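This report concerns only the one structure given below.
The values are calculated or read from the model by the stated rules, or taken from the named source; none is laboratory data. The shown structure was predicted, so the numbers you read here are calculated from the model rather than taken from an experiment. Here Cβ is always computed from backbone atoms with ideal geometry, including for glycine, and neighbour counts include all displayed protein chains. Surface areas here come from the heavy atoms of the whole protein model, side chains and all, with no ligands, DNA or RNA. Shrake-Rupley method; radii C 1.70, N 1.55, O 1.52, S 1.80 Å.
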Amino acid sequence: MPTGVLNVTIDRDGGAERFEVPAYDNQTVLDVVSWVQQHADPTLSYRFACRVGMCGSCAMMVNDVPRWTCRTHVSKVTDGADIHIGPLRNLPVIKDLAVDMDPFFDKWIAAEGVHHGALTRDDPIARVDAVSVGRVEANAGIECINCSVCYAACDTVTGNADYLGPAALQRAWTLLNDAKDEARQDILDAVSGSGGCHNCHSMGSCTAYCPNDLDPMSAIAGLKRETAKNFFRRGR
């Protein structure tokens, strides 16, 4: 049974729209959005898949903070009975709460955030030292699920459209420390340019809001150190 009424404001293409939504115990923000689409306005567009914090596709701005809506309980984020929901910032809006993720993933490519292997299927599997310093650093970021919460939280992205962003740079740091990756210099070159790691102001919003408790800010700091070493090593 409902325990009350939530005053829900949703940012949409035509402007903010208000809805009264029944409040329930253990209700998530995604439950609220789904109720609006199912009972109040079937034209509301949004994105979700797993509902259990595995895919990251349901990320939205909730009271001006980027969050996974499937894992965010209303009781933890409401100001009284009011809740404000919008699309992730720093990304183009396709419709209502659904954003275009292409710029986010394009920056992964620009940061050389793809594995650069040299072995073929005919080669033996390369052995990896699980406790080496590099492997520990690489492991620290592999649980990123590409939800773009850190990207939406980053004020540097807001002010600089060319900035690669925390997720792409964290991926670059992971690969830089991966003994199986064969493009260390390409990665360093990619992240040291005009939109690279040195644009980061180290405010820490990426780390503060990562739902998987990752630490992109530390990864970016690592890239700053390695690109600086690379600069002087190459005499440039």
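Residue count for the range 171-195, restricted to those that are touching a helix residue (DSSP H, G or I) at 6+ places or on another chain (Cβ under 7 Å) and either over 15 Å from TYR151 (Cβ atoms) or open to solvent by 10 Å² or more (accessible area, probe 1.4 Å) (or both): 15. Listed by first and then second residue, the pairs with beta-carbon distance under 6 Å, at least 6 apart or on different chains, first residue in the range 1-17 and of a type in the set (Lys, Arg), second not in a strand (DSSP E or B), are ARG12/ASP96.
Tell me, yes or no, whether the range 89-106 has at least one residue that is within 15 Å of the chain's Cα centre (by Cα) and among the β-branched types (Val, Ile, Thr). Looking through the range 89-106, at least one residue is within 15 Å of the chain's Cα centre (by Cα) and among the β-branched types (Val, Ile, Thr). Looking at (1) free of Cβ contacts under 8 Å to residues at least 12 places away in the same chain; (2) part of a loop (DSSP other than H, G, I, E, B); (3) open to solvent by 80 Å² or more (accessible area, probe 1.4 Å), can you tell me which one ARG51 breaks? Only one criterion is unmet by ARG51, namely (1). Taking the range 56-155 as the region of interest, the strands (runs of 3 or more DSSP E) fully inside it that hold 2 or more residues being under 24 Å from ASN199 (Cβ atoms) are 59-62, 65-68.
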